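A quick write-up on the structure given underneath.
Throughout, read-outs are computed from the coordinates displayed, never taken from laboratory work. Fair warning: this is a prediction, and the values are worked out from it, not measured in the lab. Here Cβ is always computed from backbone atoms with ideal geometry, including for glycine, and neighbour counts include all displayed protein chains.
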Ligand SMILES: C[S@@+](CC[C@H](N)C(=O)[O-])C[C@H]1O[C@@H](n2cnc3c(N)ncnc32)[C@H](O)[C@@H]1O
């Protein structure tokens, strides 16, 4: 493929998502990246990543087994990503325990996304690596398990606080912005046990979080 395209692959990643992925991933296309995707469903995205990253090793985890044709560059595992032992198993079975790219396309709930990020970002993402949170807009869906129709929780009156939607993945993503501000937090006399986030890009449906080198 010339540019990242989902044509011919069984994935729900739309053109709007792929344009953002292309802009972040194209510099790494021909490198021997290790990519981990949480949530496989029909397997199409793993096949798409394999064909896009010409030397990439592609790893995926899902609650359900997926039948995709054998490939020497795709490694699938059945398990709950909330059970952190699954990542030890991947390392034990493949020798790969640290990834250059991690995509969370699994639970799309604030608690699930947080559990994965808090473990994988520090422990299993390479320095300079990219972590992606997909479908954070579920937070605005009233029928989603931890979503709700847009409602701005009140800000802290008198201290320049602004009202903001705090539910679900959106609420967690907003927490992560504090980690980006760790230098200023220190200057201002505050303290935070911050993740080494170099920067974060928040796009419709997608968050890209770059780990400091
Ligand atoms: C949106 S689909 C993944 C789509 C796929 N990444 C793609 O782009 O084609 C979400 C998948 O996450 C899986 N999933 C949800 N919660 C999970 C969990 N806690 N652990 C592992 N897989 C989970 C579901 O079984 C489902 O197959």
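Using only DSSP helix segments of four residues or longer, with each worth -39500 (n - 2.57), what per-residue ellipticity at 222 nm results for the chain after dividing by its residue count and rounding to 500?
-9000 deg cm²/dmol
Normalising by the residue count of region 118-213, find the relative contact order in percent from Cα pairs under 8 Å and 6+ residues apart.
Worked out over region 118-213, it gives 35 percent.
Please work out the FRET efficiency for the pair residue 159 and residue 119, using the Cβ-Cβ distance as r and a Förster radius of 41 Å; give the result to the nearest 0.05.
Between residue 159 and residue 119 the formula returns 0.80.
First measure r as the distance between the Cβ atoms of residue 181 and residue 68, then evaluate 1/(1 + (r/R0)^6) with R0 = 45 Å and state the FRET efficiency to the nearest 0.05.
E(calc), rounded to 0.05, equals 0.60.
Would you list 53, 121 from fewest to most Cβ contacts within 10 Å?
Least crowded to most crowded, the residues run 121, 53.
Length gain on complete extension for the stretch residue 19 to residue 1, per 0.36 nm per residue less the alpha carbon to alpha carbon distance?
5.1 nm
How high is the FRET efficiency between residue 12 and residue 143 when r is their beta carbon distance and R₀ equals 22 Å, given to the nearest 0.05?
Once rounded, the FRET efficiency stands at 0.80.
Please state the shape class of region 92-213: rounded when a/c is under 1.5, otherwise prolate if a/b exceeds b/c and oblate if not, all from the C-alpha gyration tensor.
Here region 92-213 falls in the oblate category.
Measuring from label point to label point, each 7 Å out along Cα→Cβ, what is the residue 26 to residue 92 span in nm?
About 4.2 nm, to one decimal.
Spin-label point model (7 Å from Cα, Cβ direction): what's the residue 200 to residue 83 distance in nm?
Going by the 7 Å Cα→Cβ label model, 3.0 nm.
To make sure I understand, if each residue's beta carbon is the centre and we count other beta carbons within 10 Å, what order do 2, 146, 62 fall in, fewest to most?
Sorted ascending by nearby Cβ count, the order is 2, 146, 62.
As a footprinting exposure proxy, order 5, 116 by other Cβ within 10 Å, with the fewest listed first.
Starting with the residue having the fewest Cβ neighbours, the order is 5, 116.
Cα axis of helix 15-25 to longest principal axis of the chain: angle in degrees, 0 to 90, nearest 10?
90 degrees
DSSP beta bridges in the chain, what fraction antiparallel, as a percent rounded to 5?
Roughly 40 percent of the beta bridges in the chain run antiparallel, per DSSP.
Looking at the chain as a GNM with Cα springs under 10 Å, which of 169, 132, 180 has the largest mean-square fluctuation?
Taking springs between Cα atoms under 10 Å, the residue moving most is 180.
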